[in-house]
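For reference, the structure discussed in these notes is given below.
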Amino acid sequence: MSELTFEQMLDESFKTIHSGEVVEGKIIDVKPDEAVLDIGYKSDGILTKNEYTNESNVDLTTVLHVGDTMEVKVLKLNDGEGQVLLTYKRLAADRGNKRIEEAFNSQEVLTAKVAQVLDGGLSVIVDEIRIFIPASLVSDVYEKDLSKYAGQEIEFVISEYNPKRRRYIGDRKQLIVAKKAEMQKELFEKIKEGDIVKGTVKNVTDFGAFIDLGGVDGLLHISEMSWGRVENPKKVFKVGDEVEVLIKEIAGSKIALSLKFEDANPWKNAAEKYAVGNVVTGKVARMTDFGAFVELESGVDALLHVSQISKEHVEKPADVLKIGQEVTAKVVDFNEEGRKISLSIKALLAPEPKEEAKDEDADADVVPVDIDAVIAQEESESAE
């Protein structure tokens, strides 16, 4: 019987390993880009940064420590220099693949940090499995710029699982839609018309603003933004503003909002302030060929008909008045129900001497103007 050499006895003292085998190793040295492990084999095992994780910019000295033990997979028995190449990420991927499969089958909600923002979506890593979330599945609304998600932790479910093609697709949109549906249900159960609620401006358009009431958007139309006149909503609101609004109407899933609170209604005491015969002062807000609209206060406009501007003939208001000009006039007609007021400057002008003896009433030539009739007539003539 031949005696074994020292080298042969030394070799036999180490265990036998094979490529693809999972072994346990003890870390004996760590550098930023590689770690050395004692795996009980005649050669030490080398674990490079690229075989530790798919994440970039990782310093191994911050995640691995001398003396720690870890399971790794044998990638290659001899790297050409007598060392064993190891991989951790592929072992983790094997286990992660099983984890993703289970999550796909159960539709478990997963949480992961966004590893990369791509042109077409987001990339996240779960147990070394890279999952792609297309831009169309990132949110329930189109988002052109996804850069805000970089480094954020997001929730999603696996909507497609194909390990053969290494195709793993995540879906965040369905979670958002489901959450909003639940929030909408809860909101509609507790709100009613007439309630005053708080919201956040979500979007501003030329015709109004959309207010997020907590999962449900309500429309604040330009006509409901103030008792006064609002020319451009974008000059009044900006995205992110917090507002307190009145729920004016609920029609199915649509909510109409208003900022016309009754306690601020300028028409509440209008009958007293603008009674026929009262002399008032206001500013010319806008003009037409048939007259000028004078703003007496925010939300209260009165018509100064062209025939009531002067005792002299006036062809059109723009010939003698300017936008923003302050004028003083007499109220000659007040319609509270229709919220219409007629003014006359002419009624304040002293009568001609020759007319003074003839007229018992200085206002005899002042005739209340039917605003609706005047406007209808003007529109009819314009149409012809």
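The values are calculated or read from the model by the stated rules, or taken from the named source; none is laboratory data. These figures come from a predicted structure and were not determined experimentally. Backbone-built Cβ (ideal geometry, glycine too); neighbour counts: all protein chains shown. Ligands, DNA and RNA are stripped out before the accessible areas are found, and what is left, the full protein with its side chains, is counted by its heavy atoms. Shrake-Rupley method; radii C 1.70, N 1.55, O 1.52, S 1.80 Å.
Descriptive notes on the structure:
- Residue in the stretch 155-176 that is charged (D, E, K, R), within 30 Å of residue 302 (Cα to Cα) and assigned to a loop (DSSP other than H, G, I, E, B) present: no
- Only listed residue being modelled with pLDDT of 95 or more and not β-branched (Val, Ile, Thr), chosen from 91, 110, 75: 110
- Residue count for the stretch 186-225 satisfying the condition of being hydroxyl-bearing (Ser, Thr, Tyr) and over 18 Å from residue 249 (Cβ atoms): 2.
- For the stretch 268-289, the set of residues classified as touching a Lys or Arg at 6+ places or on another chain (Cβ under 6 Å) and surrounded by 12 or more Cβ atoms within 10 Å (Cβ to Cβ) consists of 289 only.
- Residues that are out of contact with any strand residue (DSSP E or B) (no Cβ under 7 Å at 6 or more places or on another chain), open to solvent by 50 Å² or more (accessible area, probe 1.4 Å) and without any contact (Cβ under 8 Å) to a residue 24 or more places away in the chain within the stretch 191-235 comprise 223, 231, 235, listed in sequence order.
- Subset tally (residues that are outside any loop (DSSP other than H, G, I, E, B) and of a type in the set (D, E, K, R)) for the stretch 192-226: 5
- Residue list for the stretch 302-344, filter: within 21 Å of residue 277 (Cβ to Cβ), touching a residue at least 24 places away in the same chain (Cβ under 8 Å) and among the charged types (D, E, K, R): 311, 326, 330, 333, 336, 339, 340
Condition check ((1) open to solvent by less than 80 Å² (accessible area, probe 1.4 Å); (2) hydrophobic (A, V, I, L, M, F, W, C)) across all residues:
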| residue | (1), (2) |
| --- | --- |
| 30 | yes, yes |
| 33 | no, no |
| 37 | yes, yes |
| 48 | yes, no |
| 52 | yes, no |
| 58 | yes, yes |
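- When we screen 247, 222 for residues that are β-branched (Val, Ile, Thr) and out of contact with any Asp or Glu (no Cβ under 7 Å at 6 or more places or on another chain), the only hit is 222.
- Among the strands (runs of 3 or more DSSP E) confined to the stretch 227-316, the ones with at least 3 residues that are within 24 Å of residue 194 (Cα to Cα) and of a type in the set (Val, Ile, Thr) are located at 242-251.
- Criterion applied to 64, 118, 122, 86 was being in contact (Cβ under 8 Å) with a residue 60 or more places away in the chain, of a type in the set (A, V, I, L, M, F, W, C) and surrounded by 12 or more Cβ atoms within 10 Å (Cβ to Cβ), and the one residue passing it is 86.
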